[in-house]
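The values are calculated or read from the model by the stated rules, or taken from the named source; none is laboratory data. Predicted, not measured: the structure shown is a model, and the values here were computed from it. Cβ coordinates were reconstructed from backbone atoms using ideal geometry, including for glycine residues, and neighbour counts include every protein chain displayed.
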Amino acid sequence: MVNTDMLLGTGNYTRADEQAGFEPSVQEQCQQTGMAALVQTLQLATPQESFATVIQGIDEPFLSFAGWLTAAVEKQLSDPEARKLMLQSLDQSNCNAVCKGIIEALPGDPPMSQMVEACARITPSSQQMVAVAMAVQPAVATVIQLLQQSNQPCLRPCSRLWLLLCNWLWLLLCSLSENNGRQATSDDDQQVSALFRLIANI
């Protein structure tokens, strides 16, 4: 049985000959534990980039982003439960606009595996749609603001403008899908819904 005195070399185990009498398996375990502690100490002493700064790129696959984020969190958090909670939070807050919209549309509190599966269906066309949605948002906001400042009722024109914008985005996605050699799918519907939320606050 290994006790604290044996590990620290105190009490009845202060002399080297007494420590040399340990079982070979005990000595091997002590060596492995000591080396692991030394390596961990060196890692902690090395300045590391905060995991909070790991951001998913516009064209970066979600799985790749999640891998980098997981590696960064594991280096800086030792508690498994804390890692899980931090990863679940950062996966949603630090992902790109397309993945964020898809994850927000998932029911309940989705685990990492469900996020990865949902975001794995993202196509190149949806990445292009993000650029389109972000580009038209300021223009649409300006038009609606002008309508609201006029004396005429603006609810009906705004509704028409919103409907036309949604219809135009859908036609553009269909065009991009055909250019990629495939037809639009139900996954595209979900991606369009996520993209519409980008301009829903105007």
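Residues in the range 61-113 that are in a loop (DSSP other than H, G, I, E, B), in contact with a helix residue (DSSP H, G or I) (Cβ under 7 Å, 6 or more places away or on another chain) and modelled with pLDDT under 85: 1 in all. Filter the range 42-60 down to the residues that are of a type in the set (S, T, N, Q) and either surrounded by 14 or more Cβ atoms within 10 Å (Cβ to Cβ) or modelled with pLDDT of 70 or more (or both) and list them by number. If the condition is that a residue be of a type in the set (S, T, N, Q) and either surrounded by 14 or more Cβ atoms within 10 Å (Cβ to Cβ) or modelled with pLDDT of 70 or more (or both), then Ser50, Thr53, Gln56 are the ones that fit.
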